[in-house]
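First the structure, in the form of structure tokens, and then the observations on it.
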Amino acid sequence: METVVFHGWSKPYEEGMTPTESDGILPPNWKQMLPKDGWAKHAVIIRPPGLTDGKETGKYKAKTKTFRTFRMSRRDLARFVTKDLVDNWSKFEGHIVAIG
């Protein structure tokens, strides 16, 4: 899925992230099935860590650079999406956001 979003961003997929030279599970002509590259320039990819059913703590960080995380509650992830992400969209749009 991230491969498709990177195409939508008109960016090459992250170095070292593409597992093979092939298109993986995507059909061979998948790029021709989508609009011209750049169609999703405002999209955001969220990479959460392992999610728990714990309480909302409000203690997490979100960065457009990868960092090491282990667990966070689904409630904290929901808070990030509905509050922090929406309120700071311009900071995160067109990026992968690591959260934890």
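The values are calculated or read from the model by the stated rules, or taken from the named source; none is laboratory data. In this text the structure is predicted, and so the values were computed from the model without any measurement. With ideal geometry, Cβ positions are generated from the backbone for all residues, glycine too; neighbour counts draw on all protein chains shown. For the accessible areas, the whole protein counts, side chains as well, though only heavy atoms, and no ligand, DNA or RNA atoms are used. Shrake-Rupley method; radii C 1.70, N 1.55, O 1.52, S 1.80 Å.
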Item to check | Options (1) 41, 30, 20; (2) 44, 27, 20; (3) 65, 34, 23 - which one matches Cα extents along the principal axes in Å as calculated here | outcome: (2)
Checklist outcome for this item: Given Cβ charges of +1 for Lys and Arg and -1 for Asp and Glu, the option among Phe80, Ile25, Val5 whose Cα lies farthest towards the positive end of the dipole of the chain is Phe80
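Hey, if we sort Ser10, Ser73, Ser90 by accessible area with the 1.4 Å probe, largest down, what's the order?
Working: Ser10 65, Ser73 10, Ser90 100 Å².
Descending accessible area places them as Ser90, Ser10, Ser73.
Within region 17-100, report the trypsin sites (Lys or Arg not before Pro) that DSSP leaves as loop and that have at most 13 other Cβ atoms within 10 Å.
Numbers: sites: Lys31, Lys36, Lys41, Lys55, Lys59, Lys61, Lys63, Lys65, Arg68, Arg71, Arg74, Arg75, Arg79, Lys83, Lys91; in loops: Lys36, Lys41, Lys55, Lys59, Lys61, Lys65, Arg68.
Taking region 17-100 and a limit of 13 other Cβ atoms within 10 Å, the loop trypsin sites (Lys or Arg not before Pro) found are Lys36, Lys41, Lys55, Lys59, Lys61, Lys65, Arg68.
Do any chymotrypsin sites (Phe, Trp or Tyr not before Pro) in region 38-67 lie in a loop, going by DSSP, with at most 16 other beta-carbon atoms within 10 Å of their beta carbon, and if so which?
Hits after loop and neighbour filter: Trp39, Phe67.
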Checklist entry - Ignoring any ligand, DNA or RNA, what whole percent of the accessible area of the chain comes from carbon and sulfur when the probe is 1.4 angstrom? => result 54 percent
Checklist entry - By DSSP, what percent of the beta bridges with both residues in the chain are antiparallel, rounded to the nearest 5? => result 25 percent
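Of the listed pairs Lys59/Lys91; Lys36/Lys83; Lys11/Lys63, which have alpha-carbon separations greater than 22 Å here? Write out the running numbers ahead of the final one.
Working: Lys59/Lys91 19 Å; Lys36/Lys83 31 Å; Lys11/Lys63 19 Å.
Too far apart for the 22 Å limit: Lys36/Lys83.
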